[in-house]
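Readers should treat all values here as calculations from the given coordinates under stated rules, not as data from a laboratory. Everything numeric here is computed off the predicted structure, so don't read it as measured data. Methodologically, a virtual Cβ is constructed for each residue, glycine included, from the backbone with ideal geometry; neighbour enumeration extends over all protein chains shown.
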Amino acid sequence: MKITTVGRQMSVSEDMKALVAKKLTKLDKYFYDEGAATVTFSRRKNKERIELTINASNTLFRGEAEEDTFRDALDRDIEAIERQIRKFKTRLGKRIRQAAFEVPDTALDVIEEVPEFKIKKKEFYFKPMSVEEAIMQMKLLDHGFYVFENSETGDTCVVYERRDGEYGLISPTKEE
């Protein structure tokens, strides 16, 4: 697995990078060499925080933990990703190539399979608007996110309110 470590307003020590590589080998049984992991370290309010994102065959797995130590946060993130894999094992097996993703039978004894998704369909007209207008509309509707057509790019985008009170924008990238 290819591992990228990022430190937000801090530098990540070589010891911590080695620990991350050692701990992520636990997940190799699921992804083999196909996975790419990004581990982001940060500190906030006397807590140490790790965001772990794994991309395997265009499927994203994400864990985010805030603990007293980076080691504890890393352990929680890895456990969270393993739970996600066990929970969605059947769907993931269908979606990801079997050679790149395999769930050993010993890992399946804790969490039962997720039942079929119940989907409610909602349709509405996309009015082209700016990002600021979309945020205002989201706040007026008292929603956590809002889908809109960006008037500048013509793309379908999503604005959302982040946990830290800031706003985020999700927009598509063009395939090369």
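Considering all projection directions equally, how large on average is the shadow of the alpha-carbon convex hull of the stretch 128-170, in square nanometres?
Mean shadow area of the hull around the Cα atoms is 2.6 nm².
If each of Arg83 and Leu140 carries a label point 7 Å out from its Cα toward its Cβ, how far apart are those two points in nm?
Rounded to a tenth, the inter-label distance reads 3.9 nm.
Give Lys23/Lys47; Lys29/Lys120; Lys2/Lys22; Lys87/Lys120 a once-over and call out the pairs whose C-alpha atoms are over 24 Å from each other.
Listed pairs above 24 Å: Lys29/Lys120.
Residues of the stretch 147-161 with amide nitrogen under 16 Å from the 7 Å Cα-to-Cβ point of Glu133?
147-159
Work out how much length Lys23 to Lys118 would gain on full extension: take 0.36 nm times their residue separation and subtract the Cα-Cα distance, in nm to one decimal.
Length gained, Lys23 through Lys118: 30.7 nm.
Where Lys and Arg each count +1 and Asp and Glu each count -1, what net charge lies around Ala134 among other residues with Cβ under 14 Å from its Cβ?
Taking every Cβ under 14 Å from that of Ala134, the sum is -4.
So how much slack lies between Lys2 and Arg71, counting 0.36 nm per residue of separation and subtracting their Cα-Cα distance, in nm?
Extra length available between Lys2 and Arg71 comes to 22.9 nm.
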